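Worksheet: one structure, shown below.
The values are calculated or read from the model by the stated rules, or taken from the named source; none is laboratory data. No experiment lies behind these values; they were computed from the predicted model shown. In this analysis, Cβ positions are derived from the backbone assuming ideal geometry, glycine residues included, and neighbour counts consider all displayed protein chains.
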Amino acid sequence: MIDLYYWTTPNGHKITIFLEEAGLPYRLKPVHIGRGEQFDPAFLAISPNNRIPAIVDTEPGDGADPISVFESGAILVYLAAKTGQFLPRDTRAWVEVLQWLMWQMGGLGPMAGQNHHFSQYAPEKLPYAITRYVKETSRLYGVLNKRLADREFVAGEYSIADMASYPWVVPFERQGQDLNEFPHLKRWFDAIAARPAVQRAYALAKTINVKPTVDEDAKKVLFGQDAKVVK
């Protein structure tokens, strides 16, 4: 059984998509990040970076004690290895998936996240910052669009690379992007959106967070953190 510590963010969606695709039994453990539940000592023992998602595998393959994993990319790799799904064993294919997973973790996610922050949440609208991140998001969409010009999915076969990137493209309108400008990306996006497991994952999110907004109190929790929160 997998215990998934989760909230309804793109990084959270990555893991519910995988679990639904793989048919792996799991229990949701909602962590309301807008209320500061990510600072609970019990959660920090699992996720020392005070971020969701995190998992605890209560039945690891070695039959020993439960294993906890934090960071969404690491969780995807762990679950893929556990189930033997969505991460090929062939070295060249494995490298393809891993490098595009890292591309999402180091590029698309952080840049789109800053795009969201400065365009949606910052108390002061800074034109330079908004333009900077909208353009960088556009560049990354362009990279993905070019990659998908001659293949169905990011690394050939459907994989954790697709599961990682898709949730960060879902809010494309908020990111100031028009998918019609990226036809190969749009084709890929529509194909993933139509997958039953993806639809189940997003339907589940609506039962956890029926009001996915960031109010002023939540902003104080989410955007005011410094080293003091980890002491």
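Filter the helices (runs of 4 or more DSSP H) completely within segment 104-198 down to those with at least 3 residues that are under 26 Å from Pro25 (Cα atoms). So that I can check it myself, show each step before the final result.
On the way: elements: 109-116, 127-147, 160-169, 183-193.
Output list reads 160-169, 183-193.
Looking for whichever is within 29 Å of Asp62 (Cβ to Cβ) and polar (S, T, N, Q) here; the options are Gln177, Gln99. Which one fits?
Numbers: Gln177 fails: within 29 Å of Asp62 (Cβ to Cβ).
Answer to the selection: Gln99.
Yes or no, residue by residue, for (1) within 19 Å of Ser159 (Cβ to Cβ); (2) assigned by TED's automatic domain parsing to the domain that holds His117; (3) surrounded by 10 or more Cβ atoms within 10 Å (Cβ to Cβ):
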| residue | (1), (2), (3) |
| --- | --- |
| Glu181 | no, yes, yes |
| His184 | yes, yes, yes |
| Lys206 | no, no, yes |
| Asp226 | no, no, no |
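Look at segment 51-110 and say how many of its residues are hydroxyl-bearing (Ser, Thr, Tyr) and out of contact with any Pro (no Cβ under 9 Å at 6 or more places or on another chain). Break it down stepwise before answering.
Applying the first criterion (hydroxyl-bearing (Ser, Thr, Tyr)) to segment 51-110 yields 58, 68, 72, 78, 83, 91.
Then keep just the ones that are out of contact with any Pro (no Cβ under 9 Å at 6 or more places or on another chain); that gives 68, 78, 83, 91.
The qualifying residues number 4.
May I ask you to list pairs of residues, at least six apart or on different chains, whose Cβ atoms are under 8 Å apart, with the first in segment 167-190 being closer than 20 Å to Ala201 by Cβ and the second being at pLDDT below 95 and in a helix (DSSP H, G or I)?
Filtered contacts from segment 167-190: Pro171/His116; Arg174/His116; Arg174/Ser119; Arg174/Gln120.
For the subset of segment 92-112 comprising residues that are of a type outside the set (A, V, I, L, M, F, W, C) and in contact (Cβ under 8 Å) with a residue 40 or more places away in the chain, which member is farthest from Thr9 (Cα to Cα)?
First pass over segment 92-112, keeping only residues of a type outside the set (A, V, I, L, M, F, W, C): 92, 96, 99, 104, 106-107, 109-110.
Still in the list and also in contact (Cβ under 8 Å) with a residue 40 or more places away in the chain: 96, 104, 109.
Values: Glu96: 25, Gln104: 15, Gly109: 11 Å.
My answer is Glu96.
Please work out if Tyr6 is farther than 21 Å from Val169 by Cα, in contact with a helix residue (DSSP H, G or I) (Cβ under 8 Å, 6 or more places away or on another chain), assigned by TED's automatic domain parsing to the domain that holds Leu204 and of a type outside the set (A, V, I, L, M, F, W, C).
Working: farther than 21 Å from Val169 by Cα: no; in contact with a helix residue (DSSP H, G or I) (Cβ under 8 Å, 6 or more places away or on another chain): yes; assigned by TED's automatic domain parsing to the domain that holds Leu204: yes; of a type outside the set (A, V, I, L, M, F, W, C): yes.
No: the conditions fail for Tyr6.
Of all residues in segment 33-81, which are closer than 17 Å to Lys14 by Cα and part of a loop (DSSP other than H, G, I, E, B)?
The answer is Ser47, Arg51, Ile52, Pro53, Glu71.
Could you tell me how many of the residues in segment 6-32 are assigned to a strand (DSSP E or B) and under 20 Å from Ala81 (Cα atoms)?
First, the residues of segment 6-32 that are assigned to a strand (DSSP E or B): 6, 26-30.
If we keep only those that are under 20 Å from Ala81 (Cα atoms) as well, we get 26-27.
Looking only at that region, the number is 2.
How many residues, within segment 34-45, are hydrophobic (A, V, I, L, M, F, W, C) and crowded, with 18+ Cβ neighbours inside 10 Å?
Step one: filter segment 34-45 for residues hydrophobic (A, V, I, L, M, F, W, C), giving 39, 42-45.
Narrowing further to those that are crowded, with 18+ Cβ neighbours inside 10 Å: 43.
Selection size over segment 34-45: 1.
Matching residues to (1) under 21 Å from Val229 (Cα atoms); (2) surrounded by fewer than 16 Cβ atoms within 10 Å (Cβ to Cβ); (3) among the hydroxyl-bearing types (Ser, Thr, Tyr):
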| position | (1), (2), (3) |
| --- | --- |
| Pro25 | no, yes, no |
| Thr58 | no, yes, yes |
| Asp62 | no, yes, no |
| Pro66 | no, yes, no |
| Gly84 | no, yes, no |
| Leu98 | no, no, no |
| Gly109 | no, no, no |
| Leu126 | no, yes, no |
